[in-house]
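The values are calculated or read from the model by the stated rules, or taken from the named source; none is laboratory data. Please read all numbers here as calculations on a predicted model, not as lab measurements. Heads up, the Cβs are rebuilt from the backbone with ideal geometry, glycines too, and the neighbour counts pull from every protein chain shown.
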């Protein structure tokens, strides 16, 4: 390898490192709450005072709604329908209801803001956790570990599926992806449930989420590879590893991400795996529909791209039946470019120039 190529490879690797660090630092450098829903139970004057204080000290961070029932507000926090509840007591200590499964950073931000919004009565509010993290998941990171344990091998394994199945129909890669997804999910559940006891109580639900997540990851990478060839792996990695993982809500809760990542987090497949896992383990399945819909959307689009590429391969095989190996090994975008060039009319042969004959003149008269 020439020194010039070494410089190019080293520079490219350094840029990849920079992009990865920039993406994660953008997600985690200044976490702050945005639009956290809080239901408040109490007299209208006290509720208005709390709402005004929150909007003054943390504008845009909380949305406050007054509700009549303390038990109803507590139940909605436990069902993952609202982020927190504040029970204002006419006599005695006020109560803040949170769900620890949202993560220590989120809970701390909620408790700190709501405590500061209460009038100084000399009594600290009582904090009630209705969805506490398990003893072996005290940092609230196990759902992220589960997702990342599926993601990284999915991207790497997709390269193997591409190289092994390069000259065959795309469905061999899909079959390999399906087998991998089942095995990876099963092993992940066994490790985090039976092994470490970090995510317990919903092994079958976790297996289904893990299977759907791992399969979605491989299908996304496979769709890019089928369309663009091996370089498509880089674009898929940019979406899944660089942006998707940083914005997954695993390290920083989604409600505390910067604006751009917060807007897209809800529909990223990475975030879908994290939130679906938390919903199954900590919230009795409440709120699991949206993340599963996000996974279905990504996998459905990826399958549609794979089907389109497979049909393109079959069409080319009808044109050149003896070249099926080369046809399947060719990315879809290359086939489309060749079709376009074939349809472009070729210029015809140039017409010979017409010679102009003249009659010689003599003394100004025609002979």
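Laid out as a table, the results:
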| item | result |
| --- | --- |
| Residue within region 233-242 that is without any contact (Cβ under 8 Å) to a residue 24 or more places away in the chain, more than 22 Å from residue 22 (Cβ to Cβ) and surrounded by fewer than 16 Cβ atoms within 10 Å (Cβ to Cβ) present | no |
| Set 50, 67: member being at pLDDT 95 or above and closer than 18 Å to residue 118 by Cα | 67 |
| Positions within region 113-132 being touching a helix residue (DSSP H, G or I) at 6+ places or on another chain (Cβ under 6 Å) and in a loop (DSSP other than H, G, I, E, B), in sequence order | 125, 130, 131, 132 |
| Qualifying positions in region 196-223 - closer than 30 Å to residue 312 by Cα, more than 14 Å from the chain's Cα centre (by Cα) and in contact (Cβ under 8 Å) with a residue 60 or more places away in the chain | 222, 223 |
| Matching residues in region 56-72 - criterion: being more than 15 Å from residue 84 (Cβ to Cβ) and either crowded, with 18+ Cβ neighbours inside 10 Å or within 31 Å of the chain's Cα centre (by Cα) (or both) | 59, 60 |
| Residue tally, condition touching a residue at least 40 places away in the same chain (Cβ under 8 Å), buried (at least 22 other Cβ atoms within 10 Å of the Cβ) and part of a loop (DSSP other than H, G, I, E, B), over region 250-281 | 4 |
| Residue in region 143-165 that is at pLDDT below 95 and either under 30 Å from residue 284 (Cβ atoms) or not in a helix (DSSP H, G or I) (or both) present | yes |
| Which numbered condition residue 223 fails, given (1) within 14 Å of residue 147 (Cα to Cα); (2) surrounded by 24 or more Cβ atoms within 10 Å (Cβ to Cβ) | (1) |
| Residue 149 being surrounded by fewer than 20 Cβ atoms within 10 Å (Cβ to Cβ), in contact (Cβ under 8 Å) with a residue 12 or more places away in the chain and touching a helix residue (DSSP H, G or I) at 6+ places or on another chain (Cβ under 9 Å) | yes |
| Candidates 230, 215 - the one that is closer than 30 Å to residue 336 by Cα and in a loop (DSSP other than H, G, I, E, B) | 230 |
